Amino acid sequence: KIVEPSMIAYLVVGFVLGLIGSKILCHAKQCLIHKKPEPVPEHLFDPLHSTDVWLIRHGQTDSNAGRIWQGQQDTPLNAEGRKQALALALRLAEEHKKNPFGLIVSSPLSRAVETANIVGDVLDLSVSTDSRLMEISLGRLEGAKIQRGIPKNWSPSVKMGETGESFQDVQTRMIAAVDEVAKKNPGGRVLIISHGAAIRTYLTSAFGLPLEKVGLFKLENCSISQLRPYQLHNKSNYRVRTMKRPTEI
């Protein structure tokens, strides 16, 4: 059977185009594999002051269990929260034996301080407080039942509950507080006890995400977010490991 010249031409063109396409696809895959990560904001890493930071949410309160907006209301731990804090302390004690923690810094709110003191008693470390680690002020929302999450028209610059803080305000003070602790303890390990929304604002920055994505992080009571700075491709980066419960460390 005689093959038409036009058919041969089609076959040749198809072969060439297929070859080019495979080359392009292969190159694209290589680019993805070897693509260097984007550098995280400069405030997250200082090559001369590399600190292992553990951000920890406080134990459970009755408001947590009852789905009540707390904000800066000074609510104490409940019985379950104290159990969680003790489990956290015992697990951190194992880490402490391998590579000691240098200090514990806490939000001054009771639920955070009580969590920090339980950990401090087990690790034999004193606790200092920093008001910049406090939970977001929710204004008129504090004490109200949580009906839903963040409103659809929410903006990081809008003050919560009309008279409270914005998430941008909280992120600014959290970054300042955590960075100050890290720079004062170069090469050390520090425990920072704070709150759900406050920690999430810091994590969005650590991941290089816009603050609008703060809701992506779900932090349970006594959860841990470990931030370990390291150098990759001669650029500053943060490796973040989050754990829902102390037993998951």
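Every number here is computed from the coordinates shown, using simple stated rules; none is lab data. Quick caveat: nothing in here was measured; it's all calculated off a predicted structure. Don't worry about glycine lacking a Cβ; one is built from the backbone with ideal geometry, like all the others, and counts go over all protein chains shown.
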Residue list for the range 51-68, given a label point 7 angstrom along the Cα-to-Cβ vector of Asn99 and an amide N cut-off under 11 Å
51-53
Asp62 and Leu216 label points (each 7 Å along its Cα→Cβ direction) are spaced in nm at 3.7 nm
Taking every C-alpha to C-alpha distance in the range 52-117 and binning by 10 Å from 0, the per-bin percentages run 21, 49, 24, 6
The correct pair for the range 70-180, radius of gyration to one decimal and Dmax as a whole number, both in Å and from Cα atoms, is 16.3, 48
Starting from the Cα-Cα distance between Ala144 and Phe207, subtract it from 0.36 nm times their residue separation and give me the gain in nm to one decimal.
19.6 nm
